[in-house]
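Structure first, then comments.
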Amino acid sequence: MLRLLLLFLLTGLNHLGYHATWAISCPGCVDLDELSFQKTIERFNYTLCKFDIAFPYGEKHEAFAAFSRAAHKVTNDLLIATVGIKDYGEMENKELGDRFGVDQKKFPAIHLFKGHMDEFVKFPDHLDITLDNLKAFVSSNTELYIGRDGCLKQFNDALRNYANKEDSEQLTLIKQLQAEQEKLTKPDEQANAKVYLMYMKKLNELGYEFLEEETKRLLRLKAGKVTAAKKVELHHKLNILEAFRVHKLTKAKSQKPEPKKEL
């Protein structure tokens, strides 16, 4: 109740033009504006930027802050940035948001920039903004690895585009990762490696459709009445399944259609 009251007061003060400090912080995030944006993102290979209200709060902002903390532990090649857009007063950063197609009715919007203003990928609208989904989004669109719970870096690296490999290549990779599993010493890593190998074999036998069906099955189980330990296990399996997903990556900016070939 107290938190809701504070957020109510914060919103009222923001619209009156006062700068309040009650918004949830984002450790490691760099606040950018129309003057600093281009010069800053072009100094980094990658920038994950959240366009949001001037003083953000709530679960989505908390997930972004959690991602920032996780990313800073494993890489220096990713800038975590925020842009606060105001719809009152001097309308700060509104033009910047408009440039990248940010819909203020659907805040927040998250874009992954690849070292340049005009090369970026939008976080999918259909996905919830969660820590795991942000990790998957960055890992799928870059060579950076920001591990999801239960995942093993060496397995994720080896499994890129696994579903599109030839049958013989898949079988060879299964043998290689079985050898990797034997080198693992921690029980939890051994258990997770076993899950990777099980899914590798299933995909090899049943094809890519297995991934979608297994995802639905695990989500149904997770939504049911299961113990806390079982929920963690199911959560890890869902994260591992994401390593096998084939992502169709396209730039957010418009692409010119290829010219038709003359017959």
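When His72, His111 are checked against the criterion of being in contact with a strand residue (DSSP E or B) (Cβ under 6 Å, 6 or more places away or on another chain) and of a type outside the set (Asp, Glu), His111 stands alone in meeting it. Thr142 meets all of the listed conditions (1) in contact with a helix residue (DSSP H, G or I) (Cβ under 9 Å, 6 or more places away or on another chain); (2) crowded, with 16+ Cβ neighbours inside 10 Å but one, namely (1).
When Glu262, Glu209, Glu258 are screened for being modelled with pLDDT of 80 or more and among the acidic types (Asp, Glu), only Glu209 passes. Just one residue in the set Ala158, Ala163 is without any contact (Cβ under 8 Å) to a residue 60 or more places away in the chain, farther than 15 Å from Lys237 by Cβ, hydrophobic (A, V, I, L, M, F, W, C) and open to solvent by less than 60 Å² (accessible area, probe 1.4 Å); that residue is Ala158.
Sub-7 Å Cβ pairs linking a first residue in region 130-145 that is closer than 17 Å to Asn76 by Cα to a second residue that is of a type in the set (S, T, N, Q) and modelled with pLDDT of 85 or more, at least 6 apart or interchain, are Leu144/Thr75; Tyr145/Asn156, ordered by first then second residue. No other residue among Leu203, Leu221, Leu197 is surrounded by 11 or more Cβ atoms within 10 Å (Cβ to Cβ), over 23 Å from the mean Cα position of the chain (by Cα) and in contact (Cβ under 8 Å) with a residue 40 or more places away in the chain apart from Leu203. Counted as qualifying within region 18-128 are the helices (runs of 4 or more DSSP H) with 1 or more residues that are surrounded by fewer than 19 Cβ atoms within 10 Å (Cβ to Cβ) and in contact with a Lys or Arg (Cβ under 9 Å, 6 or more places away or on another chain), namely 59-74, 94-99. Residue-level check: of (1) at pLDDT below 95; (2) in contact with a helix residue (DSSP H, G or I) (Cβ under 8 Å, 6 or more places away or on another chain); (3) open to solvent by 100 Å² or more (accessible area, probe 1.4 Å), Val226 misses just (3).
The values are calculated or read from the model by the stated rules, or taken from the named source; none is laboratory data. Quick caveat: nothing in here was measured; it's all calculated off a predicted structure. Note that we place each Cβ from the backbone using ideal geometry, even for glycine, and neighbour counts take in every protein chain shown. For the accessible areas, the whole protein counts, side chains as well, though only heavy atoms, and no ligand, DNA or RNA atoms are used. Shrake-Rupley method; radii C 1.70, N 1.55, O 1.52, S 1.80 Å.
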